[in-house]
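Here is the structure we will look at, set down as structure tokens.
Nothing in this text is a laboratory measurement; each read-out follows from the coordinates by a stated rule. This one's a predicted model, so the numbers in the text were calculated from it and none came from an experiment. As a convention, Cβ positions derive from the backbone with ideal geometry for all residues, glycine included, and neighbour counts pool all protein chains shown.
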DNA sequence: ACCTGAACACCGTTCAAGT
DNA sequence: ACCTGAACACCGTTCAAGT
């Protein structure tokens, strides 16, 4: 799908060029399509050429993931802001960075602590959770939940297909053949289960669910802060 | 890792045998190790033999996922129970079914509506969300969040490694080399970030976060039910 | 009905060369 | 320093046979 050699044949290779082409490839044809050989092809180079810049595929994936975290436009820290609104803004910024790249978003899950941009994001999240009154242990755990949930949100990726898309119609049709007596709620929700009408609302509500959950937990057994 | 031919050499093949061996293989060596060729090897059979029972690998994966959903021990429906406690019980049961199989848990995300056991679980979840006062549309969306979050919980899989495991020690050490001025919260939480001390608590709090979030959302703009 | 064998177009990666 | 070429041990899958 990505036109061969879009990085320009004369371009010096270098890690950034490779990473960007890898991202484009994965965005276009999925993570499975991101292979060393196809990537090399599109860069107009031999597969082995990539092994000069990355010792193996995993290291390339690491670099790609770091690139992803680097895209997050961290909101400014406003003194006196509530922890929950600040945390919501942070997660929204994270979602915004991942949304263009649903195919590679899952990579972020296991690699936050593996690169500087990821660490910066994690540090900010942890700080806000601590502000909410959670212990270091709880914050670590909750931070993991948050990261995972946001990635899941983006990976599910409601958009990408119109309401009359082939796959969407097939799924809706399949659900509508179910027995309304046995699966009343699924049949009733066949439409929203097969297609998301409003992406922005989908993401907003997803983040809201998490913030609301944290607020609930924070209000419980946690000691109030000064 | 899995001993070759553990399904017995004389056993008739059949879909169930294949699925169970596939699950064992993925549990032992991860989803990547689950290949048609290795699976056939362990079943003492030619790769092509599997193509008689499944038209391709994806169909095998579908069957495996259905098997996973079938393991969920659905809690009894108690009339008069609160929606939130019922929903928590349901999610806990789901977690319990997935916990032994963290490597294949991600498969559940895209395949709930593709098999009968999955549909049953989804129907129950949707019903409880409707009870909470959410619309069909909202319930569909929230049901998706729930499913994804639970899968993420299991996939992160805190257990599996002791506190002095090689990988755990390496990660902790890496975090401890960070600047405490730049990453105070990460350094403080280096221990819980690299190792989860209590798995059961981890899962319980994860589910609780979600239920708490739903309770928060339900208590807001939603119409109260009779 | 159920399984085998050979073949095809793919993978990631190593190792020895080239310039 | 940066890239190529041939080779190795893997993939999923098709197609024609075997029993």
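Residues of B:211-219, mean number of Cβ from any other protein chain within 10 Å of their own Cβ, rounded to a whole number? Before the final figure, lay out each step's value.
On the way: counts 2, 10, 12, 4, 3, 9, 5, 1, 2.
That average works out to 5.
Taking other C-beta atoms within 10 angstrom as a stand-in for reagent exposure, B:43, A:60 fall in the order A:60, B:43, fewest first. Once you have the Cα-Cα distance between residue B:169 and residue B:181, take 0.36 nm times their residue separation minus that, and quote the gain in nm to one decimal. Using 0.36 nm per residue and subtracting the Cα-Cα distance, I get 2.1 nm.
Which order results if B:35, B:65 are arranged by neighbouring Cβ count within 10 Å, fewest first? Walk me through the intermediate numbers first.
Working: B:35 14, B:65 24.
Ranked by crowding around the Cβ, least crowded first: B:35, B:65.
Suppose a student asked you for the relative contact order of region A:15-55, using Cα pairs under 8 Å spaced at least 6 residues apart; what percent would you report? 36 percent. The same position residue A:162 in the other copies lies at 6.0 nm from this copy, comparing label points 7 Å beyond Cα toward the beta-carbon, shortest first.
With its label point defined 7 Å out from Cα along the Cα-to-Cβ axis, residue A:114 lies at 2.6 nm from the matching points of the other copies, in increasing order. Contact order, relative form, for region A:90-175: 37 percent (alpha carbon pairs under 8 Å, 6 or more residues apart, mean separation divided by residue count). If R0 is 51 Å, the Cβ-Cβ spacing of residue B:57 and residue B:79 corresponds to a FRET efficiency of close to 0.70. State whether region A:15-55 is rounded, prolate or oblate according to the following rule on the C-alpha gyration tensor (a ≥ b ≥ c being the square roots of its eigenvalues): a/c under 1.5 gives rounded; otherwise a/b larger than b/c gives prolate, and the remaining case gives oblate. Prolate, because a/c is 1.5 or more and a/b exceeds b/c.
Put in line by how crowded their Cβ is, counting other Cβ atoms within 10 Å and starting with the fewest, B:94, A:54 read A:54, B:94.
Taking all Cα pairs closer than 8 Å and separated by 6 or more residues, the relative contact order of chain A comes to 18 percent. Closest approach of a chain A beta carbon to the axis mapping chain A onto chain B (residue, whole Å): A:213, 2. Summary of packing: across the peptides B:187-196, B:170-179, the per-residue average of other C-beta atoms within 10 Å ranks them, highest first, as B:187-196, B:170-179.
Once you have all Cα-Cα distances for the protein assembly as shown, histogram them in 20 Å bins from zero and send the whole-percent values. In whole percents, the pair-distance histogram is 22, 56, 22, 1. For chain A, what is the mean residue ellipticity at 222 nm derived from helices alone (per DSSP H run of n ≥ 4: -39500 (n - 2.57); sum divided by total residues; nearest 500 deg cm²/dmol)? Helix contribution divided over all residues of chain A: -19500 deg cm²/dmol. Shown for residue B:177: label points 7 Å from Cα along the beta-carbon vector, and their distances to the equivalent points in the other copies, 5.7 nm in ascending order. Within 10 Å of the Cβ of each residue in B:146-155, the mean number of Cβ atoms contributed by other protein chains is 4.
Can you give the average number of partner chain beta-carbon atoms within 10 Å of each beta-carbon in peptide A:103-114, as a whole number? If you can, show how the numbers build up before the last one.
Details: counts 0, 0, 0, 3, 0, 0, 3, 2, 0, 2, 9, 2.
Taking the mean over all residues of the peptide, I get 2.
Distance from the Cα centre of region A:161-177 to that of region A:118-158, in angstrom? Each part reduced to its Cα centre gives a spacing of 34 Å.
Semi-axes of the equivalent ellipsoid of chain B are 34, 29, 13 Å, computed as sqrt(5λ) over the eigenvalues of the C-alpha gyration tensor in descending order.
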